[in-house]
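Notes follow the structure.
The values are calculated or read from the model by the stated rules, or taken from the named source; none is laboratory data. The structure displayed is predicted, hence computed values, not measured ones. Cβ coordinates were reconstructed from backbone atoms using ideal geometry, including for glycine residues, and neighbour counts include every protein chain displayed. Side chains included, ligands, DNA and RNA excluded: accessible areas come from the protein's heavy atoms. Shrake-Rupley method; radii C 1.70, N 1.55, O 1.52, S 1.80 Å.
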Amino acid sequence: MGRPARVVVAGILLALAAFLVLAFATYAHSQVAGTGGEGRNLFGGLGAWIALGFIQMWGLVAFYVPALLIGYAIAVWREADLDNLGRRLTGAALLVPALSGLIHLLPLNRALDWLLIRWDHFQFGGLGGSLGGFLCAHAGPYDRAGTGVLVEHLGPWGAAGVLLCVGAAALLLMNIGLRSFARRTWMAVQTWKQAPALEMPERPGRVKPAFDPNAKQQPLKGRATTAIHEVTKRIAQDESTLPPDAEELLGKIRLQKQALARRTTGPGTSEPIAPFQDTPALTASNNTATAKAPGTMPAVSTPVVAPVAEPINQSEDEVAQSNAEPAKPKKKPKPRERTSDDPNAYVLPPVDLLDDLPEKRSAEHDAEKNQISRAIEEVFSHFDVGVQVVNATRGPVVTQYEIRLLDQSMRVQKVEGFEKDLAMKLGTEGIRIVAPLPNKTTIGIEVPNRVKEAVVMRDLVEEIDPGTMALPIVLGRDVVGKPMLGDLAKMPHLLVAGATGMGKSVCMNAMICSILLFKRPEEVKFIMIDPKMVELAGYEDIPHLLAPPITEMTKAHAALEWACRTMDERYEALRQTGVRDIKAYNDLTEDEMRFRLAKRELKPEDIPTGGEKMPYIVVLVDEYADLMMVNKEVEKSIVRLAAKSRACGIHVILTTQRPSADVVTGLIKSNLPSRICFRVVDKNNSRVVLDVSGAENLLGKGDLLFLQPGTSAPIRGQGVWLKDSEINAIIEHAKSQGRPTYNEDVQKVGAVQMEGGGGSGSSKGSEWLSDRQFHEAVQSMYRHNRSGADFFRRKLNIGYNKATAYVEQLEDLGFLGPQKGTSPREIIRTWDEWIEQLKGNGVTWDEEDDLYHNPLEIRQ
């Protein structure tokens, strides 16, 4: 309810209360009886008849109605949380008969006769109206209606007791703050009672000397100090008269001083330090010291710490917390040093390139939590399922409510089917039920927040300790606000899936930029495959690249095959040096490597890496489904990399917007244990990626489910939001530090296949070198300027499967373009290039063999 609406509602309630008060105050029975003589009601006949109805029924309790309206108006004006309105109204209704009966039991006297006469209530025998007379009428000088129900059966005192219990129950149901008021009053009274005990009594036998005007005036003693060094000094001077726990008190004073220094110097802390509560009170038997006031040291030679008065509003938990040794603040990890003695060394991008954390809204979210908690309990109660919301933890986009089943015999699976019922009741989508929560005895219900907060990258980057992560990546925050950070080297490969526009590209850019923020070009290299041609184009010319972003699918297959060959070479280097992984290899010193290789009679120059450090290699494929549509052979290379490349430092990140079973196959899933799923179309796609449903109910715009390696239950989170300006700033900084050194073997189309390093691990990649019939197919293709499986089948008289294999082989070698509908494939390389390819791979032939002569010249 907005402020104007609250003003209007409060004004209406106050006006109605004023109308009733004035109508009741100026009411007389003669105004409706027609006898006259008592004046006119302030609001005329309407006011008189309304007052007659309330006063005739309730008597003096009629004034309770305007009082109730005034209280409600104040609550509306102050925006008080009027939860459980039905329970409050029930309590207000129960309070009416209790007050009417109690007022009717009051003894009448001559001072109240004028009200009985004015209201004509002699027939009721009291001022409780007809309701009070029905309950508590008793024999008296004004009794005309007999004895009331309660008085007749319980007597006056029994009736009063019953009505007092009903009134107390009504006040508890109304929950108007009487319990907290009584608690504060009780604590104030107890503190007032204990105040005289804090004053130290005078020593027994001490007599105040008479005043002597001629005596020399003694200088006033200064106020005793409580400085820690002064207390230590006094203890050292005289140890004979010290209490037995003096050392313990001194230790507590030292801890309290340290806690005070930390709290006063800490940013944004202004809460007071709770005093010691277990300081023993000084008694007359302890003659070592006296105290003039609480909190001061006695002005005598032997120091004793005086007791400190306990604050009124201090709870026992706060007292225990103040007595305990203050916890040491958690040390924040510092980023690795970004400077170097070498002026030409690569300088990592500063964190200042990222935007600051936006200001969080200071509005309280307790009202929203209470409302949704009641709605959750109400929905389950409609289906006879008793639950209780025991906790609510707010995240940036989603709040997790923890519920406990009141019926221990209830099956947990029954709760999982209430997602749609909760979504309809709360009027929102994206509700997810986690039954049960990991390592807890409660069930989690994730409900989107009405006011969402952005998850920026800067505060997450500042929480990364780069010394403990080889390839740090930033994902976002989970539903309770904890950072979702990861080390790609431990994942070791990642699959990102989701529908178009749900946040895959932003997630991938965030992972790339997080690596660029912490790793230098000599530590990590990228191979970027971008079938969309625009998503990764901005990273061109950064010094971390092994090749420009690859947009041609034939080159993409060659790049993956090059990665497979590099993996084999690295494993050979690891085997020869006697280490198990890339970290152990890079930690070897030059002397230690030479010593290890000397045992095998090798030198660093003899191993595939040449004895140099091996950088990590991250292979990114932006749209894996599009790559699979062009050439399904890439799956073999990716599966081989995902299965073996972890130890040698090659890691794969795949993204796809079509997570169907024919794209994300079982081989891919088994070798990519880390998976991120944004919102998908249906639960089938969710099961393909995560093996469980739930991703179809996400909100989109970065809402994700993250399946960590070694777990089966995904966790929900909000992906980090990285602006284009932040990405461009990081890229420009990287470009300013140097130019990339490209490896041409990565871009060389067909380089790996022609050298016999097929991605499947078999010899099929080199069979074409000695297949003369395949060479005849190539010559026929150039002679007739046609291609295709049907064409080869007719010309060479071979089977369809073999003809299709020839077409795929020519496409892998880069001589045929991709299939475009029903149109024939395009021949993209010349005959001379074919001959050069054969010669480059060691194929020899007789000069008179027409199979290797230009078919165009033979035709002429």
Which of the residues that make up the range 643-657 are within 21 Å of residue 509 (Cα to Cα) and open to solvent by less than 20 Å² (accessible area, probe 1.4 Å)?
649, 650, 651, 652, 653, 654, 655, 656
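Would you mind stating whether residue 566 is under 23 Å from residue 642 (Cα atoms), free of Cβ contacts under 8 Å to residues at least 60 places away in the same chain and either touching a strand residue (DSSP E or B) at 6+ places or on another chain (Cβ under 9 Å) or surrounded by 23 or more Cβ atoms within 10 Å (Cβ to Cβ) (or both)?
no
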Are there any pairs with C-beta distances below 6 angstrom linking a residue in the range 823-844 that is within 18 Å of residue 789 (Cβ to Cβ) to a residue that is of a type in the set (A, V, I, L, M, F, W, C), with the two at least 6 apart or on different chains, and if so which?
825/816
Selection within the range 833-850 - part of a helix (DSSP H, G or I), open to solvent by less than 100 Å² (accessible area, probe 1.4 Å) and either in contact with a strand residue (DSSP E or B) (Cβ under 8 Å, 6 or more places away or on another chain) or modelled with pLDDT of 85 or more (or both):
833, 834, 835, 837, 838
I'm trying to understand the selection: among the residues of the range 433-465, which are under 25 Å from residue 711 (Cβ atoms) and of a type in the set (D, E, K, R)?
440, 446, 463, 465
Just for the range 495-516: of the residues that are among the aliphatic types (A, V, I, L, M) and closer than 21 Å to residue 681 by Cα, which one is surrounded by the most Cβ atoms within 10 Å (Cβ to Cβ)?
496
Quick one: in the range 357-415, which of the residues that are hydroxyl-bearing (Ser, Thr, Tyr), open to solvent by 10 Å² or more (accessible area, probe 1.4 Å) and at pLDDT 85 or above is farthest from the chain's Cα centre (by Cα)?
381
Looking at (1) in contact (Cβ under 8 Å) with a residue 40 or more places away in the chain; (2) touching a Lys or Arg at 6+ places or on another chain (Cβ under 9 Å); (3) open to solvent by 70 Å² or more (accessible area, probe 1.4 Å), can you tell me which one residue 691 breaks?
(1)
Counting only residues that are open to solvent by 60 Å² or more (accessible area, probe 1.4 Å) and among the basic types (Lys, Arg), how many does the range 694-733 have?
2
Restricting the first residue to the range 85-103 and requiring it to be part of a helix (DSSP H, G or I), which pairs with a second residue that is polar (S, T, N, Q) meet a Cβ separation below 7 Å and a spacing of at least six or different chains?
88/175
Check on residue 827, within 60 Å of the chain's Cα centre (by Cα), open to solvent by less than 60 Å² (accessible area, probe 1.4 Å) and of a type in the set (Val, Ile, Thr):
yes
Inspect all residues belonging to the range 8-28 and state whether any of them is over 30 Å from residue 134 (Cα atoms), outside any helix (DSSP H, G or I), free of Cβ contacts under 8 Å to residues at least 24 places away in the same chain and of a type outside the set (Phe, Trp, Tyr).
no
Please find, among 572, 561, the residue that is closer than 26 Å to residue 633 by Cα, open to solvent by 30 Å² or more (accessible area, probe 1.4 Å) and in a helix (DSSP H, G or I).
572
Which of the residues spanning the range 658-688 are surrounded by 23 or more Cβ atoms within 10 Å (Cβ to Cβ) and polar (S, T, N, Q)?
685, 686
Every residue from the range 517-555 that is in a helix (DSSP H, G or I) and buried (at least 22 other Cβ atoms within 10 Å of the Cβ):
517, 518, 539
Can you find a residue that is within 25 Å of the chain's Cα centre (by Cα), at pLDDT below 85 and either open to solvent by less than 30 Å² (accessible area, probe 1.4 Å) or not hydrophobic (A, V, I, L, M, F, W, C) (or both) anywhere in the range 335-347?
yes
For the range 153-182, enumerate the residues that are at pLDDT 70 or above and open to solvent by 80 Å² or more (accessible area, probe 1.4 Å).
153, 154, 157, 164, 165, 172, 176, 178, 181
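Given the structure, is residue 758 modelled with pLDDT under 85, open to solvent by 60 Å² or more (accessible area, probe 1.4 Å) and not polar (S, T, N, Q)?
no
When you look at residue 506, is it at pLDDT 85 or above and outside any strand (DSSP E or B), yes or no?
yes
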Run down 786, 794 and say which single residue is part of a helix (DSSP H, G or I) and open to solvent by 60 Å² or more (accessible area, probe 1.4 Å).
794
Here is a list of conditions, (1) without any contact (Cβ under 8 Å) to a residue 12 or more places away in the chain; (2) farther than 22 Å from residue 127 by Cβ, and residue 53 meets all of them except one; can you say which number that is?
(2)
Residues in the range 723-740 that are in contact with a helix residue (DSSP H, G or I) (Cβ under 8 Å, 6 or more places away or on another chain) and modelled with pLDDT under 90: how many?
0
Hey, does the range 815-823 have a residue that's surrounded by 17 or more Cβ atoms within 10 Å (Cβ to Cβ) and assigned to a helix (DSSP H, G or I)?
no
List, please: which pairs have Cβ atoms under 8 Å, are six or more places apart or on different chains, and start with a residue in the range 492-510 that is more than 13 Å from residue 717 (Cβ to Cβ) and of a type in the set (S, T, N, Q) and end with one that is open to solvent by 10 Å² or more (accessible area, probe 1.4 Å) and in a helix (DSSP H, G or I)?
509/727
How many of the residues in the range 801-814 are more than 13 Å from residue 787 (Cα to Cα), open to solvent by 50 Å² or more (accessible area, probe 1.4 Å) and at pLDDT 85 or above?
1
Per the filter on the range 851-860, residues part of a helix (DSSP H, G or I) and more than 21 Å from residue 809 (Cα to Cα) are 856, 857, 858, 859
